[in-house]
Amino acid sequence: MRFRRRVWIEMGVTQQSYQAINSDSSRRAILISHSEESRNVIRVARAPKKRMVPITPITS
């Protein structure tokens, strides 16, 4: 899929949290959750939500 934007993919929760905390409303957060990881995704999603960053959740 093409986003026509620079995309950062962070695997670890620490790196995901860092990117989420430093995001702003000019960005979009795409949060992908698969089995057994929903708690981590919800925890990371709190930061962009507070900063009014658009969020696109994807779950399986």
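Here Kirkwood radius over Cα pairs in Å was computed from the coordinates, and among (i) 16.6; (ii) 14.3; (iii) 11.8 the match is (iii). Computed from phi, the 3J(HN,Hα) profile of the range 43-60 under the Karplus parametrisation 6.51, -1.76, 1.60 (θ = phi - 60°) reads 4, 5, 5, 4, 5, x, 4, 5, 8, 6, 7, x, 10, 10, x, 10, 10, 10 Hz, with x in place of Gly and Pro.
Couplings 3J(HN,Hα) for the range 19-33, derived from phi with the Karplus relation 6.51 cos²θ - 1.76 cosθ + 1.60 (θ = phi - 60°), are 5, 5, 5, 8, 7, 9, 5, 7, 10, 9, 9, 10, 9, 10, 10 Hz, where x marks Gly and Pro. Annotation: amide H-H contacts under 5 Å for Ser33 (H modelled 1.01 Å from N, sequence separation of 5 or more, or interchain): Ile58, Thr59, Ser60.
Values in this text are rule-based calculations from the coordinates and carry no lab data. Not measured: the values here are computed from a predicted model.
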